[in-house]
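See structure below.
The values are calculated or read from the model by the stated rules, or taken from the named source; none is laboratory data. Because the structure is predicted, anything quoted here is derived from the model rather than measured. Cβ: placed from backbone, ideal geometry, glycine included. Neighbour counts: every protein chain shown. To get the accessible areas, we keep the full protein, side chains included, count just its heavy atoms, and leave off ligands, DNA and RNA. Shrake-Rupley method; radii C 1.70, N 1.55, O 1.52, S 1.80 Å.
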Amino acid sequence: MAQPFVKKDDDLDEEEEYSPFYGIEKGAVLQEARVFHDPQLDARRCSQVITKLLYLLNQGETFTKVEATEVFFAVTKLFQSKDTVLRRMVYLMIKELSPSADEVIIVTSSLMKDMNSKTDMYRANAIRVLCRITDSTLLTQIERYLKQAIVDKNPVVASAALVSGVHLLQTNSEIVKRWSNEVQEAVQSRAALVQFHALALLHQIRQNDRLAVSKLVTSLTKGSVRSPLAQCLLIRYTSQVIRESSMNTQAGERPFFDYLESCLRHKSEMVVFEAARAITELSGVTSRELTPAITVLQLFLSSSKPVLRFAAIRTLNKVASTHPLAVTNCNIDMESLISDQNRSIATLAITTLLKTGNESSVDRLMKQITNFMSDIADEFKIVVVEAIRSLCLKFPLKYRSMMNFLSNILREEGGFDYKKAIVDSIVILIRDIPDAKEIGLFHLCEFIEDCEFTYLSTQILHFLGNEGPKTSDPSKYIRYIYNRVILENATVRASAVSTLAKFGAMVDSLKPRIFVLLRRCLFDSDDEVRDRATLYLNTLVSDASVGGTDEDVKDFLFGPLDVPLVNLETSLRNYEASDIPFDITSVPKEVKSQPLAEKKAPGKKAIGLGAPPSGPTSVVDAYEKLLSSIPEFSSFGKLFKSCSPMELTEPETEYAVNVVKHIFDGHVVFQYNCTNTIPEQLLEKVTVFVDASEAEEFSEVLTKPLQSLPYDSPGQTFVAFEKPEGVPAIGKFSNLLKFVVKEVDPATGEADEEGVEDEYQLEDLEIVAADYMLKVGVSNFKNAWENLDPDNERIDEYGLGVKESLAETVSAVIDILGMQPCEGTEVVPNNSRSHTCLLSGIFIGNVKVLVRVSFGIDGSKQVAMKLAVRSEDPDISEKIHEIVAEG
Amino acid sequence: MILAVLFTNTDGNILVERYVPHLLPALDSFDSVNTFPPIPSFHGVPAEERLHWRSFLVKLGADNLKGTKNEELLVASHKSVFVVYTILGDVCIYVVGKDEYDELALAELIFVITSSVKDVCGKPPTERLFLDHYGKICLCLDEIIWKGMLENTDKDRIRRLIRLKAPTDA
């Protein structure tokens, strides 16, 4: 095959048949374009030159501004020719060149002439070109003609005007909206394509008017819509109307459902498919409604066209996530798709089957997948692995075959993400299915014997250290672990040393032998490995001499690092070497809420290998630094919590003020962040006068004014209050900003000497119970819950009255308590009638609190709530109930 | 939206390449997309992104189109974007779409394209034949797609339209 556009002389002779554009060059073609200026136009030759220009453009060649302008002017000369083929080329060329606004004027008159020409085709094309290159001023001039064109009896002209309307709506919506009467008329057109284009435009014009869309759908679903394309559009608009109306009407027949169902019998596949998909996507669809749609999709599964098979399986895959039973009828068809040529179809079939499969079919399915896995890409494999994981959790009895499958694919070639997905799956299965533990750990041990990924090796070693000692025969793992010390890189070796130490601490019978191994590690070439070995040997060997007990050792080895890693990291960075050793209790424990996107990241929910979730806390850190730099506050002790800033002014006012509440054990500090948004003013001696008459337990101890607040450079003023130690006192504070204002000359930036005292009312602020709660998550709520003394549990039930929705109620309760939702339980599934939310936090005085709160909603939207609280202190459990009762 | 239409020969050399401005989603994140001054763009698509898309599509074809029958449609999806592609004679054709232009609408689109190309060339084209009729094929594409939207779907109508003849059903 010849290569156009590339000059190669030697491969010419290989192919007799070579490109007519062989060796084409921009410069030469631009020269050729001079024929456009000939007084005697050779239409054929001009067409050829335009073709060459188009070829260049379509190859990604760009014209400079000058070149484009030259070509454009030359092309406009061609309007003189009467040759239709050439004229058609000219229209296209003008569109491709998309001339700039000052050039457009050259062609508008020619195009306007064509727009009113007797030749229908000239009219249609001129409309399309004009609308492509026009701007709004020109558009108002030609609007009259466009309106006429929409109802032109020639369908090509009408379509051209309508599609122009669709495009122009984005830039000149006001003008296009004025055409709705004409468009309405065009919807009734007998020409199928005109009807389609008119429907699309009309809907776009009215899309924000629900009532109008609903009317449109009502009238059209009764009548006959000719083109299948228009029918598809109508189905989409119908499901939109259904979606919106279902919010208002609770029960009863679904409107327009009959219409959707009738579309399932349409002769065009496109319409049938669209209707089927619309039905499966109805919110709260019943199985009776689903059946006809599933039936037609099932037919598509055995279609000879890959596109239809793909579309059908893709839709069924989605349905299977919500209504697996409805899809089981298609299982046989889907199984035959596993061997489909198209890998996308095969993967979708597999994952759908994994969702719909029942316990008896699992073994057969696994066999089929095994054959299939070898010839798909990693990204598909990960999807399959994840599907298998959820299947295994659904049918725990089948763990054996699935665990074997996972270990087999773990041994095969694959990238990091794929291997990580498999390892994560095995870990989750081990954790949730106790019977699978030994076999799973064994597979992981096999894997690390030949694992090229340091990250995975260390994660597995950590997991092994936690789980291995609890198995029936811990000694058999030692060989695998010690092999790492001999064979691997320093990071893995260090992990292996920690794992050995854990075995030593938990299994007394192994202890002497572990010591031997650890001592050998003392001669390791790496510092970290040697340090760890020394540390563990000392803690394990001489329990008594260090003063620790067996419990302490275990706590040290297995206990969670109860500070977020990020906080620890920043604290360590800030720590300056001195005689005072680093104190881990000084690290803040507050976990800043993470951005939603990050939480939803896939795989995040499967908290891999038990790493505690951690979040960025640089803000808290910054506050702590700021406060500790102010000597007046140094006597207040350690900062318990800083709340997120709360605005005290409306946006866009003269002075913007927000407040941050800092909670100490016996004090509260309000940090007012002020910004002066008036360039002509300089504020001095800025303070906030706080009226605490509605906050009886608080008494003001000091105010720290802000000396100067120039334009647009924020500053802070502080007010501190004393309150009873450790008590979650609440109250309301009203605020008045006081300052001295001085005029500033914006030109010179100099301020007047004399100032005027002034004040500015700010919004009130409140100290609420949630301010005394730190959002601290736990990685395993169940364990944490069981570890707290049941005697400290307090349970009560509350009627919350009529609420809008369950989700809203749940988030309101979370806000009142100010606690960290665990395990994703803050998300309430749509339409659910009951929900349980797990919350965790640390209450002032460093008391750990866990809350398990269940909600139920009945038909009349009455919400009931059951609140169970466990904490380290029964009084605090009581206190949480008081908070909820007051909230 | 129809985001892109690409014609290549069987070796993956570009014959026609068209994109809808600003809508083509990045295949992966490219830092250069935001760099100033902007790199020269083509139909509003930054050059680097375009190259990435081009090689993505060409690779897709190289992996799957061998031995495929004329006009047999293949399908793929990447993130929210659908790709339908086929081979016609010596010419590989790819169309990329999203949202309302899902795999079915694109199948319809590619059917219109292949039938028009066959119509213009008289048979499934060799590369030479395709290039001989290059101008007409450009006109056909102009009739079929208008800034990312499907406009005409009937090959006979398109054949008349590119010669500026009114369609027969008018």
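State whether the stretch A:761-887 is rounded, prolate or oblate according to the following rule on the C-alpha gyration tensor (a ≥ b ≥ c being the square roots of its eigenvalues): a/c under 1.5 gives rounded; otherwise a/b larger than b/c gives prolate, and the remaining case gives oblate. Since a/c reaches 1.5 but b/c is at least a/b, the shape of the stretch A:761-887 is classed as oblate. With a 10 Å cut-off around each Cβ of B:123-134, the average count of Cβ atoms from other chains is 4. Considering only B:A76, A:S779, A:I50, and ranking their Cα positions along the charge dipole of the protein assembly as shown that arises from unit charges at the beta-carbon of Lys, Arg, Asp and Glu, the one farthest toward the positive end is A:I50. If one computes the Cα centroid of the stretch A:677-719 and of the stretch A:801-817, what distance in Å separates the two points? The distance from the Cα centre of the stretch A:677-719 to that of the stretch A:801-817 comes to 35 Å. Helix A:120-133 and the longest principal axis of the Cα set of chain A meet at an angle near 40°.
In percent, what relative contact order does chain A have, based on Cα pairs under 8 Å that are 6 or more apart in sequence?
It rounds to 4 percent for chain A.
Between the C-alpha center of the stretch A:429-456 and that of the stretch A:380-409 there is a gap of 14 Å.
For the peptides A:33-45, A:401-413, the ranking by packing is A:401-413, A:33-45, with the highest mean count of neighbouring Cβ atoms within 10 Å listed first.
Candidate cross-link partners of A:K511 among the lysines, defined by an alpha-carbon separation under 25 Å and a same-chain spacing of 8 or more, comprise A:K437, A:K470, A:K476, A:K502, A:K554. Among the trypsin sites (Lys or Arg not before Pro) within the stretch A:166-210, which fall in a DSSP loop and have no more than 10 other Cβ atoms within 10 Å of their own Cβ? Taking the stretch A:166-210 and a limit of 10 other Cβ atoms within 10 Å, the loop trypsin sites (Lys or Arg not before Pro) found are A:R190. Given a 1.4 Å probe, show me the residues in the stretch A:276-324 buried by at least 10 Å² of accessible surface when comparing the whole protein assembly to the chain alone. Listed in order, they are A:R277, A:P306, A:V307, A:L308, A:F310, A:A311, A:R314.
Using only alpha carbons, the stretch A:634-790 has a radius of gyration to Kirkwood radius ratio (Rg to Rh) of 1.11.
Each of A:T836, A:Q820, A:V768 was placed along the dipole of the stretch A:751-865 (beta-carbon charges, centred on the mean Cα), and the one lying farthest toward the positive end is A:T836. Taking the centroid of alpha carbons for each part, the stretch A:272-329 and the stretch A:461-522 are 52 Å apart. Which lysines, on any chain, are close to B:K155 with Cα under 17 Å apart, when same-chain ones fewer than 8 places away are left out? Hits, sequence-local ones excluded: B:K118, B:K123, B:K136, B:K165. Let a ≥ b ≥ c be the square roots of the eigenvalues of the Cα gyration tensor of the stretch A:280-395; is it rounded (a/c under 1.5), or, if not, prolate (a/b larger than b/c) or oblate? In terms of gyration-tensor shape, oblate. Surface composition of the stretch A:446-507: carbon plus sulfur atoms contribute 46% of the solvent-accessible area (1.4 Å probe, protein chains only, all chains present). About the centre of its Cα atoms, chain A shows a dipole size close to 5260 debye [charges on the beta carbon of Lys, Arg (+1) and Asp, Glu (-1) only; nearest 20 debye]. Given +1 at the Cβ of Lys and Arg, -1 at the Cβ of Asp and Glu and no other charges, the dipole of the stretch B:42-114 around its Cα centre is 280 debye to the nearest 20. Counting only other chain Cβ atoms within 10 Å of each residue's Cβ, the peptide B:146-153 averages 5. Projecting the Cα positions of A:L233, A:S117, A:P874 onto the charge dipole of the protein assembly as shown (unit charges on Cβ atoms of Lys, Arg, Asp and Glu, taken about the Cα centre) puts A:S117 furthest along the positive direction.
Classify the stretch A:61-173 as rounded, prolate or oblate from the Cα gyration tensor: take a ≥ b ≥ c as the square roots of its eigenvalues, call it rounded if a/c is under 1.5, otherwise prolate when a/b beats b/c and oblate if not.
Values: a/c = 1.97, a/b = 1.32, b/c = 1.50.
Because a/c hits 1.5 or more and a/b fails to exceed b/c, the stretch A:61-173 counts as oblate.
A simple rule links phi to the HN-Hα coupling: the Karplus curve 6.51 cos²θ - 1.76 cosθ + 1.60 with θ = phi - 60°, which for the stretch A:189-197 gives 4, 7, 6, 4, 5, 4, 4, 4, 5 Hz, with x for Gly and Pro. Taking every residue in B:81-88 and counting other chain Cβ atoms within 10 Å of its Cβ, the average works out to 1. For the stretch A:419-460, applying the loop criterion from DSSP together with a ceiling of 13 other beta carbons within 10 Å to the GluC sites (Glu not before Pro) yields A:E452.
When the surface is traced with a 1.4 Å probe over the full set of protein chains, B:K98 keeps roughly 50 Å² accessible. Rounded to the nearest whole Hz, the Karplus-based 3J(HN,Hα) values (6.51 cos²θ - 1.76 cosθ + 1.60, θ = phi - 60°) of the stretch A:267-272 follow the sequence 7, 8, 4, 4, 5, 4, with x at glycine and proline.
Of B:D154, B:D119, the residue with the largest accessible area leads and the full order is B:D154, B:D119 (1.4 Å probe).
Taking the Cα centre of the stretch A:16-174 as origin and charging only Cβ (+1 Lys, Arg; -1 Asp, Glu), how large is the dipole, in debye to the nearest 20? If you can, show how the numbers build up before the last one.
Values: 19 positive and 19 negative charges, 127 e Å.
The calculated dipole for the stretch A:16-174 is roughly 620 debye.
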